[in-house]
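J.: I have a structure here, written as structure tokens, and I will follow up with some questions on it.
Bear in mind these aren't lab numbers, they're just calculated from the coordinates by the rules spelled out. Owing to the predicted nature of the structure, the values given are computational and were not obtained by experimental measurement. Every residue, glycine among them, receives a Cβ derived from its backbone with ideal geometry; neighbour counts consider all protein chains shown.
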């Protein structure tokens with residue numbers, strides 16, 4: 001792939017736009033279709049495209065495999081952490097109303113934080129699965 005200039009340039013143009021679209025889907029998930037799962041898959045697809053064009057070794061230099069595991073763990077911790085915080089504030093597990101005096105604000109921040117945890121977990125899982133399978137066959 002190193003000699004296919006058009007594909008390399010197109011990937012350099014597309015990847016930032018894919019990541020930006022993933023963030024749009026994440027932040028728009030409060031108001032319409034979308035959310036953490038969809039955004040995590042879209043963001044992982046950007047890295048898969050990069051790996052298919054530039055090779056697995058270069059992609060792992062940009063996003064090391066350990067970061068995928070850390071992303072999965074931190075996303076699950078964030079999701080569960082919101083539930084624990086709501087328990088400590090006197091509500092039920094993931095009862096977002098306990099997060100703020102105004103229930104609307106509590107719902108907004110609770111859902112946003114949980115969806116961010118889902119994004120991190122799904123993104124890390126998708127990247128880790130891709131690295132596991134691509135490393136066996138060799139994309140380079």
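J.: Based on the Cβ-Cβ distance from residue 103 to residue 14, what FRET efficiency comes out when R0 is 41 Å, to the nearest 0.05?
T.: Rounded to the nearest 0.05, the efficiency is 0.50.
J.: Taking the 0 to 90 degree range and rounding to the nearest ten, how far is the long axis of helix 5-28 tilted relative to the main principal axis of the chain, both from C-alpha atoms?
T.: The helix 5-28 is inclined about 10 degrees to the chain.
J.: Kindly state, to the nearest 0.05, the FRET efficiency for residue 24 paired with residue 89, given R0 = 25 Å and r defined as their beta-carbon distance.
T.: Computed FRET efficiency for residue 24 and residue 89 comes out at 0.20.
J.: May I pose another question? Tell me, Kirkwood radius of the stretch 1-58 from alpha-carbon pair distances, in Å?
T.: Computed over Cα pairs of the stretch 1-58, the Kirkwood hydrodynamic radius comes out at 12.1 Å.
J.: For every helix of n ≥ 4 consecutive DSSP H residues, a contribution of -39,500 (n - 2.57) applies; sum these over the chain, divide by its total residues, and give [θ] at 222 nm rounded to the nearest 500 deg cm²/dmol.
T.: So the calculated ellipticity at 222 nm is -27000 deg cm²/dmol.
J.: Given a Förster distance of 41 Å, report the FRET efficiency between residue 73 and residue 49 from their Cβ-Cβ distance, rounded to the nearest 0.05.
T.: 0.95
J.: Rounding to the nearest 10 and keeping the result within 0 to 90°, find how far the Cα-based axis of helix 65-88 lies from the longest principal axis of the chain.
T.: 10 degrees
J.: Quote the relative contact order of the chain in percent (integer), defining contacts as alpha-carbon pairs under 8 Å separated by 6+ residues.
T.: 30 percent
J.: Still on this model: Which number do you get for Rg(Cα) / (2.2 N^0.38 Å) in the chain?
T.: Rg over 2.2 N^0.38 Å, computed on Cα atoms: 1.24.
J.: Next up: Using only Cα atoms, tell me the angle between helix 36-54 and the longest principal axis of the chain; keep it within 0 to 90° and round to the nearest 10.
T.: With rounding to tens, the tilt is 10 degrees.
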